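Below: one structure, written as structure tokens.
FYI, it's all coordinate maths here, none of it is from the lab. These numbers were taken from a predicted model, which means no experiment stands behind them. Ideal geometry is used to build each Cβ from the backbone, glycine not excepted, and the neighbour counts take in all protein chains shown.
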Amino acid sequence: MDGKYVEESDKVTDVEINKNAKSADAEESLSFELDKTELIIYYQNLNRIRINYYELDLEVLFSRSPFIKQEANSFSYVNPNFTTLLTTNRISSQQKIKEPIPEDLQKKNLLIQISCEN
């Protein structure tokens, strides 16, 4: 097949495209990136975003468990050193927030957990 011929069953109708677009607009999304001393958070359709900061002592942590990836979920059993709760507008297009890392934590080894609360 040379790519020019499309089977009738493979054609996507305008109705399907609109349905998919509406479905995508209703989806919640959350992602972030770290830029030096601030978090750049991208979100869609969220009411609140919680940021938990866990201070890590890497020397102790590595001596106890040298393969942290296998036990990354165990941090949920420890209280964060600091928490920020952001209230957002539930908007169906992707939004961006820049949130500075607290100054007293900026030079620490951290695990940062970002989650949504709706």
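Packing, as the average of other Cβ atoms within 10 Å across residues, places the peptides 98-110, 42-54 in the order 42-54, 98-110, highest first. Modelled spin labels at LEU111 and ASN79, positioned 7 Å past Cα toward Cβ, are 1.7 nm from each other.
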